[in-house]
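What follows is one structure encoded as structure tokens, with my remarks underneath.
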Amino acid sequence: SFSGVWLMVGKFLCFLALLLCVSCNVHWQVRVNEVVDRGDDLWGFYGLHGQVALQRNSHRAGSQVCEPAACSSFETQANQDVVIISAQCESCTYPNVALRVKNIENSSLRLVPLPDHEVVMIVVEKFKNEQDAIRFVASELCAADVFDGPCEKIGSLALDSYVWHVAKKMEPIQSIESYNRLEHLTEMFRNTQIAEEDPIVSLLEQVSEASQRQFLESLTSVHTRLSTAGSVTLQSSFYLLGLLQGFGLEPVLYYYDTEYPPDVCADITGTLEPEKLVVVGAHYDDRAADIQNTTVRAPGANDDGSGCALLQEVAKILSSSEYSFRYTIRVCFWAGEEQGLVGSSAYAAALRANDTTVIGMLQADMVGYLTPGKPYGVDMASRETDSALTALANQITAAYVPELVVGSTTSCCTDSASFTREGYAAAAYNEPGGYTIDPQYHSTLDIVNRPGYNLTLIGLISQAVLAATAVLAEIV
């Protein structure tokens, strides 16, 4: 009968929907302390030492190829996201310890069992944007009494010691030609003797310790640059705006969240391919030990006043240079770094959404402390950075600033990671020993005039970044 035909059609459609539903499931595998290639299935590295790798579709659920102590598998549906919470300092109370001893079943969240205590992965319904997903997870954890501490601390994402992510594939969008160019430049600078008439040498000679000291005195005079401190922090935003205007540039305040101060960016426009960018950045926000305290003094001379002193010197020298560049050089002072790279994440995501080509991104974060008795040096971040660009930066430093001993650090993460997560090539410059070597890290005593704070080191690393910027942007 006609009704019988419709019944059969209905059964077939139900069967087809079931098949489609099953095929929509996403299979994930988490690997801990294993070497993982940046292949098509890699979505990111997490944890204090980047020891936790999240891979998608590498194996079907239940078919692990490594020991359970080092692996974990799970599934999500197409309408679900994975939110990751990571510790960001060695003295932090790792979130997974708290989650193991408290009850998460009172919330709507699904915890992914992990063979690691520094990282938490939670499956949650998909939201329109990352910040909404993170806020929801934070509020659910708070309501379920999973984390200790006041709810408002979690709900505002001002969690001291945690970094929040929504799983996003680390998919390089740089062309093969771009990577070949980086490798070619790296080989070119290997064992190269720089000629005295090299125009980059004349740029490096303009780096001024007096200029950087004067800048630091002005920047650190602001009582605090904590991103959640409101109008107090905006003093530094408008100081940077005026500074860049004084260089003859046309800076832009990039607002991305009503609760945070803006990123402050300006362009030195390229002459041949101005639509392509070389981004150079440092974060101007800071904090004291208690990230909730909006009134305590936080001078931030090293974190990241030192990177800002470097960046303003790069902007001043290149904006007044007699040389032109193929690509546009964009200098950006980021806000919201201490709350989880908020400002740079929004900015990098906007560039990606607009299909903007970024030749390379260079970040300077904490480049002013030198352990007494140690040689001048620079440590390049090895996590959530691009290995090809970092290798090139190392060769440029060795060629142009031989006074610096080039090293590597697993300290993570600064705003370069925001660009890496959007598929752009990024590199990050740190002082020898990484972010936490400075005994006044996140302290009210992070000032210029103290033992270990070294303006000569800032000047040398400024030269390294300036040289790399000029190479990437191509003098024409």
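The values are calculated or read from the model by the stated rules, or taken from the named source; none is laboratory data. Not measured: the values here are computed from a predicted model. Please note: Cβ atoms are built from the backbone with ideal geometry, for glycine as well, and neighbour counts cover all protein chains shown. Remember, those area values only see protein heavy atoms, side chains included, never the ligands or the DNA or RNA. Shrake-Rupley method; radii C 1.70, N 1.55, O 1.52, S 1.80 Å.
So that you can scan it fast, the table gives a plain yes or no per residue for (1) within 24 Å of the chain's Cα centre (by Cα); (2) of a type in the set (D, E, K, R); (3) in a helix (DSSP H, G or I):
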{"site": "Glu196", "(1), (2), (3)": "no, yes, no"}
{"site": "Ile200", "(1), (2), (3)": "no, no, yes"}
{"site": "Leu203", "(1), (2), (3)": "no, no, yes"}
{"site": "Ser211", "(1), (2), (3)": "no, no, yes"}
{"site": "Phe215", "(1), (2), (3)": "no, no, yes"}
{"site": "Val222", "(1), (2), (3)": "no, no, no"}
{"site": "Leu241", "(1), (2), (3)": "yes, no, yes"}
{"site": "Glu250", "(1), (2), (3)": "no, yes, no"}
{"site": "Leu253", "(1), (2), (3)": "yes, no, no"}
Residue in the range 30-44 that is polar (S, T, N, Q), over 26 Å from Glu337 (Cα atoms), under 22 Å from the mean Cα position of the chain (by Cα) and modelled with pLDDT under 80 present: yes
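Mind checking which residues of the range 229-282 are over 30 Å from Phe325 (Cα atoms) and either among the small types (Gly, Ala, Ser) or open to solvent by less than 60 Å² (accessible area, probe 1.4 Å) (or both)?
Ala229, Gly230, Ser231, Val232, Thr233, Leu234, Asp257, Tyr260, Pro261
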Unique match (being assigned to a helix (DSSP H, G or I) and farther than 13 Å from Tyr369 by Cα) among Thr469, Thr456: Thr469
Flag if Pro439 is open to solvent by 30 Å² or more (accessible area, probe 1.4 Å), out of contact with any His (no Cβ under 9 Å at 6 or more places or on another chain), of a type outside the set (Val, Ile, Thr) and free of Cβ contacts under 8 Å to residues at least 24 places away in the same chain: yes
Residues of the range 201-227 classified as closer than 27 Å to Asn302 by Cβ and open to solvent by less than 80 Å² (accessible area, probe 1.4 Å), total: 17
Cross-chain or 6+ apart pairs with Cβ under 8 Å, the range 330-358 first and within 20 Å of Ser86 (Cα to Cα) and touching a residue at least 40 places away in the same chain (Cβ under 8 Å), then open to solvent by 30 Å² or more (accessible area, probe 1.4 Å) and β-branched (Val, Ile, Thr): Gln339/Thr228
Total residues in the range 409-420, condition closer than 21 Å to Val471 by Cα and among the polar types (S, T, N, Q): 2
Boolean, Thr294 is under 25 Å from the mean Cα position of the chain (by Cα), touching a residue at least 12 places away in the same chain (Cβ under 8 Å), farther than 28 Å from Gly459 by Cβ and part of a loop (DSSP other than H, G, I, E, B): yes
Within the range 342-427, helices (runs of 4 or more DSSP H) holding 2 or more residues that are among the polar types (S, T, N, Q) and open to solvent by 10 Å² or more (accessible area, probe 1.4 Å): 387-400
Test: residue in the range 429-444 that is over 22 Å from Gly305 (Cα atoms) and not in a helix (DSSP H, G or I): no
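Taking the range 295-326, which residues are buried (at least 19 other Cβ atoms within 10 Å of the Cβ) and either hydrophobic (A, V, I, L, M, F, W, C) or at pLDDT below 95 (or both)? So that I can check it myself, show each step before the final result.
From the range 295-326, those buried (at least 19 other Cβ atoms within 10 Å of the Cβ) are 298-318, 325; that's our starting set.
Scanning the range 295-326 gives Ala298, Ala301, Cys308, Ala309, Leu310, Leu311, Val314, Ala315, Ile317, Leu318, Phe325.
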Number of the exception - Val137 against (1) part of a helix (DSSP H, G or I); (2) at pLDDT below 75: (2)
